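**Q** The structure's right below; bear with me while I get my questions together.
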Amino acid sequence: MKTYDFIIVGSGIAGLSFALRACEHGRVAILTKREAENANTAWAQGGIACVQSPEDSFDRHVADTLDAGAGLCPEEVVRTIVSEGPEAIDELIRWGVEFDRRENGHGEEELDLGREGGHTKRRILHSKDTTGREIETKLLAAVRAEERIDVFEHHFAIDLITTTKLGFASSVRCVG
């Protein structure tokens, strides 16, 4: 019987990216109720807003987000997400995600940043009009190439049996 150090429920961008990080520290099981490709991530059509240009700044992106959020967004959370964006994009690219690129006029390619409603600068990374599908496809390929990750399709997580439920309070672990 195989044992796992990490159990992930869901095969969208959050679950797959965590699995790719966690497998460096142990065995990973991903449970998904359908085929892994059918996560909601695959249906995202637009792009990802992220500061990538010297003409942009974290402060400007935060201000745009807070303005568009009409008071519903906690500034500290927005600031954290915005500041971690470039590193997250770099990680997606390392895992094989291909965002649209264009020639910059100097014979070099750069990310083709779009500008959408609510943004004062060009900061939207996209892959055609199927960004979610690109992310889902490439992250799944990276996951399936990783021998320390197993994907269980058509599996449901109904309840987790933990050592606490069994009356062992000394360590909290999932045992089934």
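**Q** Before anything else, pin down the relative contact order of the chain: Cα pairs under 8 Å, at least 6 apart, normalised by residue count, whole percent.
**A** On the way: 278 pairs, mean separation 54.3, N = 176.
The normalised contact order for the chain reaches 31 percent.
**Q** List, largest first, the extents of the alpha carbons of segment 113-173 along their principal axes, each in whole Å.
**A** Result, largest extent first: 55, 30, 20 Å.
**Q** Tell me the volume per residue, in Å³, of the convex hull enclosing the alpha carbons of segment 46-129.
**A** 102
**Q** Ranked by Cβ crowding within 10 angstrom, fewest neighbours first, how are Trp43, Trp95 ordered?
**A** Trp43, Trp95
**Q** For a quick check: with amide H placed at 1.01 Å from N, whose amide H comes under 5 Å from Thr162's, ignoring anything fewer than 5 positions away on the same chain?
**A** Val175
**Q** Under 29 Å Cα-Cα from Lys128, which lysines qualify once same-chain neighbours fewer than 8 residues away are excluded?
**A** Lys33, Lys138
**Q** Here's another thing I want to ask about it. How would you rank His25, His155, His61, going from fewest to most other Cβ atoms within 10 Å of each one's own Cβ?
**A** His25, His155, His61
**Q** For segment 46-129, build the charge dipole from Cβ charges (+1 Lys, Arg; -1 Asp, Glu) around the Cα centre, then report which of Leu92, Gln52, Cys73 sits farthest towards its positive end.
**A** The residue sitting most towards the positive pole is Cys73.
**Q** Let me ask you something else. Starting with the fewest neighbours, write out Cys174, Cys50 ranked by other beta-carbon atoms found within 10 Å of each beta-carbon.
**A** Cys174, Cys50
**Q** Run the dipole for the chain about the Cα centre, Lys and Arg Cβ at +1, Asp and Glu Cβ at -1, nothing else charged, and hand back the magnitude in debye, nearest 20.
**A** In total the dipole reaches around 760 debye.
**Q** What length, rounded to one decimal in nm, is gained on full extension from Trp95 through to Arg21, with 0.36 nm per residue of separation minus their alpha-carbon distance?
**A** Difference between extended and current length: 25.6 nm.
**Q** Okay, moving on. Springs between alpha-carbon pairs under 10 angstrom, Gaussian network model over the chain: which of Gly26, Gly15, Gly107 fluctuates most?
**A** Highest fluctuation among the options: Gly107.
**Q** Hey, what do the phi angles of segment 8-17 turn into as Karplus ³J(HN,Hα) couplings, whole Hz, using 6.51/-1.76/1.60 and θ = phi - 60°, x for Gly and Pro?
**A** 10, 9, x, 10, x, 4, 5, x, 5, 5
**Q** Quick one: among Ile158, Ile13, Ile48, which has the greatest mean-square fluctuation in a GNM of the chain with alpha-carbon springs under 10 angstrom?
**A** Judging by the Gaussian network model, the answer is Ile158.
Readers should treat all values here as calculations from the given coordinates under stated rules, not as data from a laboratory. Model, not experiment: these values are computed from the prediction. All Cβ positions, glycine included, derive from the backbone under ideal geometry; neighbour counts span all protein chains shown.
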